[in-house]
Amino acid sequence: MLDAIKQYFADNFDEDISDFRADGLLDFFVAELGPPVYNQAVRDACGFFQEKLADLEGEVYEPERPAGR
């Protein structure tokens, strides 16, 4: 990621960024974006599993034969 940040600065701002500053910028983005991205992934996973559990009976139910047959 540090190389990507440094390349982005070189390409878009026509200036170099030091390893130290690129590392600081990466730490900032991870701290700011990490929790919301993680929480959204948890919400997405919960929704997926809730959807699957809601139809669990329909997915695994086997009809029973009436007694005596």
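Compute, for region 2-57, the length of the dipole vector about the Cα centre, with Cβ point charges of +1 (Lys, Arg) and -1 (Asp, Glu) only. Units Debye, rounded to 20.
240
Relative to the first principal axis of the alpha-carbon coordinates of the chain, what is the inclination of helix 19-54, with its axis defined by its Cα atoms, in degrees from 0 to 90 and to the nearest 10?
So the inclination is approximately 10 degrees.
Of the peptides 34-47, 12-25, how do they stack up when ordered by the mean number of other Cβ atoms within 10 Å, highest first?
So the order, starting with the most tightly packed, is 12-25, 34-47.
Working from Cα positions, state the angle (0 to 90°, nearest 10) between the long axis of helix 2-13 and the longest principal axis of the chain.
Taking the Cα atoms of the chain, the angle to 2-13 is about 60 degrees.
Please compute the alpha carbon radius of gyration of region 29-69, then divide it by the globular-protein estimate 2.2 N^0.38 Å. Two decimals is fine.
Scaled against compact globular proteins, the figure is 2.20.
Taking a quarter of the surface of the Cα convex hull of the chain, what do you get in nm²?
7.9
Farthest toward the dipole's positive end in the chain, which of 46, 12, 33, given Cβ charges of +1 (Lys, Arg) and -1 (Asp, Glu) about the Cα centre?
46
A short reminder: the numbers here are calculations on the coordinates, not readings from a lab. Worth saying up front: this structure is predicted, and the values here are computed from it rather than measured. Note that each Cβ is placed from the backbone with ideal geometry, even for glycine, and that neighbours are counted across all protein chains shown.
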